[in-house]
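Please treat every number below as a calculation from the coordinates, not as lab data. In this text, all values refer to a predicted model and were calculated from it rather than measured experimentally. Please note: Cβ atoms are built from the backbone with ideal geometry, for glycine as well, and neighbour counts cover all protein chains shown.
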Amino acid sequence: MTAPETLPPSLRDYILKSNIALAVSQTEDDAPLILVNDAFCKLTGYSNEEVVGHNCRFLQGPDTSEEMRQPLHDFVDGEGPDNGRFPILNYRKDGSTFLNFVFMTRLLGAERKPRFILASQFDMTTALRRSELSHNDEKLRRVLSDVEQIGREFGLAMVGSAQMIADSIAMMAKLSLDEDER
């Protein structure tokens, strides 16, 4: 397994200090997690020791549809663009569910091959309320900007993040409008 020490120290430190739920997995094998932060543990109810070394599928449960699972599986297998956003029904350790809006980016090494997958998780169960959308969007913009800068310093590339932000904002606005129509 790839140890978190293989991440650039400033990136590892940033992830650990972030208030956004962040996780890093390796791209080999079954994409096991190599690093999660406290915000991830708080969101999911699992401790660091319980999740490192495991694929994030442990967050899925009986009501997580195949329609939600497949795009995540395809992304982890290297299909499609280097950024993606995926709504998925996840389960906390206590069994409660939450709609997790996962933003994933492949971190590319100097040879432009994926080295890691960085994933940020947002509990959209309550965040669909219009008042929280702009707050979450701003947090996401800051995280992506900071991570891109750190990545550039260490030769990691995050392709298309600006478009990802624009697409994500549009998707959240649509979800908010759909929620208001119910």
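Computed quantities for the displayed model
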quantity: Simple spin-label estimate for ASP94 and GLU79 in nanometres, 7 Å along Cα-Cβ; calculated: 3.6
quantity: Percentage, to the nearest whole number, of Cα pairs in region 1-63 over 15 Å apart; calculated: 49
quantity: Cα centroid of region 51-73 to Cα centroid of region 77-108, whole Å; calculated: 8
quantity: Equivalent ellipsoid dimensions for region 1-133 as semi-axes, Å, which come from the Cα gyration tensor, largest first; calculated: 22, 17, 15
quantity: 23 Å Cα-Cα threshold exceeded, pairs from LYS17/LYS139; LYS93/LYS139; LYS93/LYS113; calculated: LYS93/LYS139; LYS93/LYS113
